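Everything below concerns the one structure shown next.
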Amino acid sequence: MDPLTWTGALSVLNPVTIAIAAAFALAIIAQIALSFVAPEPTIVANPDGTVAARGGAYGTSEKAVRWLFLALVVLAVVYLLAGVVMPYGKVGIIGGLAKRFLPVWLSLIVLYAVSIRYKRRLGLYGKLFDSTIGMIGFAIVMFWVFSAIFATTIATHDVLSQISQMKNKVPGTPTPDDMGWYLLGGDHLGRDVFSRVVLGSRIVVQIAPLATLFAFMVGITLGLPAGYYGGKLDTFLSFLANLILAFPVILLFYLLVTPEIVATGMPQYMAMVLFLFPIVFLLVLVNSRYYVVPALRNKMMTIIAVIGGYLYLSLVGEVGTKVAVLPNMLDLIHVPGNILIVFVSVVFVNSPTVFRIVRGIVLDVKTRDYVSAAQTRGERPWYIMLWEILPNARGPLIVDFCLRIGYTTILLGTLGFFGLGLSPESPDWGSTINAGRKLMTVAQHPAIVPALALMSLVLGLNLLADGLREESLRD
Amino acid sequence: MLIFLLRRLLTMVLTALCLTFVVFFLTNLPPNLEKLAKTEAGSRITDEEVQSWLDKNGHGSPLLVRYGEWLGVIPGWTREENGVTTGRCIQRGQDPETASSFCGVLQGKWGFSSVFKDEVSTIVGTRLSLTGILMFWVMVVMVPVSLIIGVLAGMREGSKLDRSLSTFSIATTATPEYVSGVILIAVFASSMFGLKWFKGTASSAMDGITFENFFLPVITIALYGIGYIARMTRASMTEVMTAQYIRTARLKGVSFRNVVMKHALRNALIAPFTVIMLQFPWLLNGVVIVETLFNYKGFGWTLVSAAGNNDIDLLLGCSVVAVFVVLVTQLISDIGYVFLNPRIRIS
């Protein structure tokens, strides 16, 4: 089979695309330059009774940017649609990618159609669809989430199987058995870069949000009382938080994520402490709310304690290590020691920052009238913290949650980049970048593709956070 | 003010003690020491031999005692065997009588690197100076660029310029050093686009810095920081631009340029100062990544190789420096904030 070009049968369109893209870039630069000299926007009444806002050079550039952007979007859709409709390999690499990602496109379309249709009933999530930035960010994030879900269908080759003829081959090289192509080329061991990046998204999408959630549980459980009570407790907890924050992150990783540390059982001890917080948080949450209805409360507390406790023991313990509580039969969740230490250290690094944010918000919110009202009513402190203060702090916390998932993704990449924790065979983006960077002079794509993937995911999360901030400020 | 300073200094010393103890604890865990013994005395030795080697070299005493010895507040261990006295503070061939009894970090004895076969203090010194050069150029690029971007974006909130620059800042904060570094190398230093403008490694920069071999590492570190500082500056600038005195100045008929340059700028730059100082710990992070990526043998590279090779003394030395840098910048940022902001008074 022939090697693929980037756009295959649609190559006739390329000059048009390049011309429009160049014009778009020029228009943006012109608009920025003109915005310095352009007068303030004024509305001019025309003789025929209509009004026109802003004309002249600036108006033209603004219009040009809008239309050129639309044209670019249309062209991109044409490339993707052609790739999906025409047979695999006809529209080059881009068409091939578009076809492989078909389940993702369909899911995105369904998700967006449903969300936009019912956006007025969906609260803050629905409001997200009022902001363009937020929508773009959410689309990028969901693209990777769906890729992770459908990863096995999307990937063209096995992530570990090596074809020695395909070492460092450029994108679009056909495999020697003529069964297909390496869409984004082969890496230094002759593995398919595309499949590895797609399956690598699984690791990030699984670990990053969960680790961030745990960090938030720890930060909230400790930050609420520190801000609310103040005094000695606050001094002590703040000192601890500052202690961890003063640690250079990489040094901490190098000290924590080593095989020697895993051998001492330290990650499991740390997990024992850190994973306790979500359960404590939920128990206190329920207890403070349903304290007055003991029957209901006891039922809910028991359920949480049993399920949470089982998950806790199953997650922390592992047969054959220092912490082995459950027998192998009952232990449903098997987390390898090196993944656990990666998870724990990411939670450990993130929680002090969350703690500081929560503490700061609580210090601000606790001076409000509704808190005094609750205190006068005789509500107990934990009820006030969890059911009066926390719901009112949700805006900044949700925004920070999105940003922090992005930051956690970067941290995971850093760990992979230094070859810490995850095995070098693992397809996660950090390890792949690390493997690819060593041969940058020979082949660039093995490092570039995961780098762009990681960048796009973090960018999506940042844009999403920006959109959410805008919309939550509008309340 | 003096009491404030004293309290800050006290907290700083306490933090430093806690942090160094944690590092000491983590680097001196039994598996690490066992590995050290095996690299020093041969990899096929038995467990008893490992134990005796550790005892002989002073690793057998309790953790707190060893920490005290390393810090220099507890007299170093000595051992007499077959009439020969060895000890922590006694160098080979030195008369035990003349050796000092304390030798720790406080006395300037940082130990001996088992990988580089040199005094830790000299290694850290030379490496730090290399990193210092890198940091200097990063600051030279990063601070003015980010401040200009932030001020331009913040002076007219919601304008096209603001939107473009804010998007740029978001994009750079979303690009960690190992991603931007890889992309920059691919674009500007490899055959991918044929633009071989710069060098993809900075190992030659240790002998002589040229634009060609130093531009990429500097810009890689700077880019990640630029977005963050620019966003902080923008937030601070937009806040100042909505203040009453700016409106007053505009109503008085002061031109927009003068309002920005004379009235807004000075007040808007207080917050970014703190942010820039607090960026140092982050830069440390970036330095480690970039020095590894570009093979520039500075402080970050040393830290990585010390950690990777179980070089305990060197790793401890690097940690002390890193922790010291972080704490000092925190202190400076706090004090500077108080000095710069007339609204804050500490009595």
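Below is a table of values for the structure above.
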item	result
Region B:286-314: number of residues that are under 18 Å from B:Thr27 (Cα atoms), open to solvent by less than 10 Å² (accessible area, probe 1.4 Å) and either of a type in the set (Phe, Trp, Tyr) or not in a helix (DSSP H, G or I) (or both)	1
Residue within region B:179-187 that is closer than 23 Å to A:Phe418 by Cα and touching a His at 6+ places or on another chain (Cβ under 9 Å) present	yes
Filter result for A:Pro225 (modelled with pLDDT under 90, touching a helix residue (DSSP H, G or I) at 6+ places or on another chain (Cβ under 8 Å) and open to solvent by less than 20 Å² (accessible area, probe 1.4 Å))	no
Any chance A:Ala451 is modelled with pLDDT of 90 or more and either closer than 16 Å to B:Leu293 by Cβ or not in a helix (DSSP H, G or I) (or both)	yes
Residue match in region A:316-323 (condition: away from chain B (no Cβ under 14 Å) and basic (Lys, Arg))	no
Residue among A:Thr414, A:Thr441, A:Thr367, A:Thr409 that alone is closer than 30 Å to B:Thr173 by Cβ, β-branched (Val, Ile, Thr) and in a loop (DSSP other than H, G, I, E, B)	A:Thr441
Enumeration of residues in region A:38-69 that are open to solvent by 80 Å² or more (accessible area, probe 1.4 Å), at pLDDT 75 or above and either within 15 Å of A:Ala27 (Cβ to Cβ) or assigned to a strand (DSSP E or B) (or both)	A:Thr60, A:Lys63, A:Arg66, A:Trp67, A:Phe69
Residue in region B:253-260 that is without any contact (Cβ under 8 Å) to a residue 12 or more places away in the chain, within 11 Å of chain A (Cβ to nearest Cβ) and not hydrophobic (A, V, I, L, M, F, W, C) present	yes
Enumeration of residues in region A:417-437 that are within 12 Å of another protein chain (Cβ to nearest Cβ), open to solvent by 20 Å² or more (accessible area, probe 1.4 Å) and assigned to a loop (DSSP other than H, G, I, E, B)	A:Phe418, A:Gly419
Exclusive hit being open to solvent by 40 Å² or more (accessible area, probe 1.4 Å) and either outside any helix (DSSP H, G or I) or at the interface with another protein chain (Cβ under 10 Å from one of its Cβ atoms) (or both), set B:Phe25, B:Phe21	B:Phe25
Qualifying residue in region A:210-219 (condition: among the β-branched types (Val, Ile, Thr) and under 25 Å from A:Ala435 (Cβ atoms))	no
Only one of A:Leu386, A:Leu457 that is away from every other protein chain (no Cβ under 14 Å) and at pLDDT 90 or above	A:Leu386
Of all residues in region B:183-225 being surrounded by fewer than 24 Cβ atoms within 10 Å (Cβ to Cβ) and among the β-branched types (Val, Ile, Thr), the one that is nearest to the other protein chains (Cβ to nearest Cβ)	B:Ile183
Elements of type helices (runs of 4 or more DSSP H) contained in region A:79-173, each with 3 or more residues being open to solvent by 70 Å² or more (accessible area, probe 1.4 Å)	A:102-117, A:132-149
Matching helices (runs of 4 or more DSSP H) fully within region A:182-287 where at least 1 residues are touching a Gly at 6+ places or on another chain (Cβ under 8 Å) and of a type in the set (Gly, Ala, Ser)	A:193-229
Hits in region B:28-52 (condition: of a type outside the set (A, V, I, L, M, F, W, C) and more than 14 Å from chain A (Cβ to nearest Cβ))	B:Glu40, B:Gly42, B:Ser43, B:Arg44, B:Thr46, B:Asp47, B:Glu48, B:Glu49, B:Gln51, B:Ser52
Hits in region A:263-298 (condition: within 14 Å of chain B (Cβ to nearest Cβ) and over 27 Å from the mean Cα position of the chain (by Cα))	A:Ala263, A:Thr264, A:Gly265, A:Met266, A:Tyr269
Selection within region B:140-182 - in a helix (DSSP H, G or I), farther than 18 Å from A:Gly460 by Cα, without any contact (Cβ under 8 Å) to a residue 60 or more places away in the chain and more than 8 Å from chain A (Cβ to nearest Cβ)	B:Val140, B:Pro144, B:Ile148, B:Leu152
Out of B:Arg234, B:Arg266, sole residue that is open to solvent by 50 Å² or more (accessible area, probe 1.4 Å), more than 29 Å from B:Thr131 (Cβ to Cβ), modelled with pLDDT under 85 and part of a helix (DSSP H, G or I)	B:Arg266
Any hit, region B:70-81, residues being within 28 Å of B:Leu303 (Cβ to Cβ) and either modelled with pLDDT of 80 or more or of a type in the set (Asp, Glu) (or both)	yes
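The values are calculated or read from the model by the stated rules, or taken from the named source; none is laboratory data. A quick note: this is a predicted structure, and the numbers were derived from the prediction, not measured. When we count neighbours, we look across all protein chains shown, and the Cβ atoms used for this are built from the backbone with ideal geometry, even at glycine. Please note that ligands, DNA and RNA were not included when accessible areas were found on the heavy atoms of the full protein model with its side chains. Shrake-Rupley method; radii C 1.70, N 1.55, O 1.52, S 1.80 Å.
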